[in-house]
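Right, one structure below, let's go through it.
The values are calculated or read from the model by the stated rules, or taken from the named source; none is laboratory data. On a predicted model such as this, the values are computed, not experimentally measured, just so you know. Heads up, the Cβs are rebuilt from the backbone with ideal geometry, glycines too, and the neighbour counts pull from every protein chain shown.
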């Protein structure tokens with residue numbers, strides 16, 4: 001399996017979630033299954049089936065996180081010299097040349113992406129259009145509304 005790029009914060013967030021699933025949620029689900037079994041007939045026991053479904057989701061997420069963490073490639077951009085190029089982990093300020101709207105994004109791994117917090121996936125169309133460009137370059141990015149021109153105003157490695 002190929003390495004999964006991730007920031008330090010993203011890897012730590014996955015470790016915290018994994019710890020939460022294993023030490024808090026898993027025991028609660030096991031207890032719920034035990035209580036539901038005590039009620040008798042399992043065929044018509046909705047609590048038992050709900051707890052088993054939760055268990056399946058929890059175990060699946062644990063496996064997913066463990067798989068990602070075993071293949072993670074942590075990239076600490078703060079230790080790299082800032083040459084003004086847009087790379088994974090960079091915080092990029094761009095200006096929409098049509099609307100004059102300025103926005104700042106941080107390019108992160110797929111699991112860390114959160115558009116509400118201006119964290120975009122390295123595999124998103126905007127990030128793919130920006131990677132490799134430098135300050136003052138213009139990037140033509142295909143969006144659902146068509147091609148949009150963005151000028152790169154600032155690139156930070158934080």
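Here are the numbers:
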{"quantity": "Residues satisfying the stated conditions in region 35-70, i.e. more than 25 Å from the chain's Cα centre (by Cα) and assigned to a helix (DSSP H, G or I)", "calculated": "35, 36, 37, 38, 46, 47, 48, 49, 50, 51, 52"}
{"quantity": "Hits in region 91-105 (condition: part of a strand (DSSP E or B), under 14 Å from residue 118 (Cβ atoms) and free of Cβ contacts under 8 Å to residues at least 60 places away in the same chain)", "calculated": "94, 102, 103, 104, 105"}
{"quantity": "The listed residue being modelled with pLDDT of 95 or more, loosely packed, with under 13 Cβ neighbours inside 10 Å and out of contact with any strand residue (DSSP E or B) (no Cβ under 7 Å at 6 or more places or on another chain), out of 83, 117", "calculated": "117"}
{"quantity": "Number of positions in region 92-114 that are crowded, with 16+ Cβ neighbours inside 10 Å and within 30 Å of residue 69 (Cβ to Cβ)", "calculated": "9"}
{"quantity": "Yes/no for residue 73 being in a helix (DSSP H, G or I), closer than 30 Å to residue 134 by Cα and either within 22 Å of the chain's Cα centre (by Cα) or modelled with pLDDT under 95 (or both)", "calculated": "no"}
{"quantity": "Residue that is assigned by TED's automatic domain parsing to the domain that holds residue 61, touching a helix residue (DSSP H, G or I) at 6+ places or on another chain (Cβ under 6 Å), within 23 Å of residue 66 (Cβ to Cβ) and surrounded by 13 or more Cβ atoms within 10 Å (Cβ to Cβ), where the choices are 29, 8", "calculated": "29"}
{"quantity": "One residue from 16, 24 being closer than 30 Å to residue 124 by Cα, assigned to a helix (DSSP H, G or I) and within 26 Å of the chain's Cα centre (by Cα)", "calculated": "16"}
{"quantity": "Lone unmet requirement of (1) surrounded by 13 or more Cβ atoms within 10 Å (Cβ to Cβ); (2) in contact with a strand residue (DSSP E or B) (Cβ under 8 Å, 6 or more places away or on another chain); (3) at negative phi for residue 89", "calculated": "(3)"}
{"quantity": "Residues of region 46-79 satisfying the condition of being surrounded by 14 or more Cβ atoms within 10 Å (Cβ to Cβ) and more than 30 Å from residue 28 (Cβ to Cβ)", "calculated": "74, 75, 77"}
{"quantity": "Which numbered condition residue 88 fails, given (1) under 27 Å from residue 5 (Cα atoms); (2) part of a loop (DSSP other than H, G, I, E, B); (3) not assigned by TED's automatic domain parsing to the domain that holds residue 141", "calculated": "(3)"}
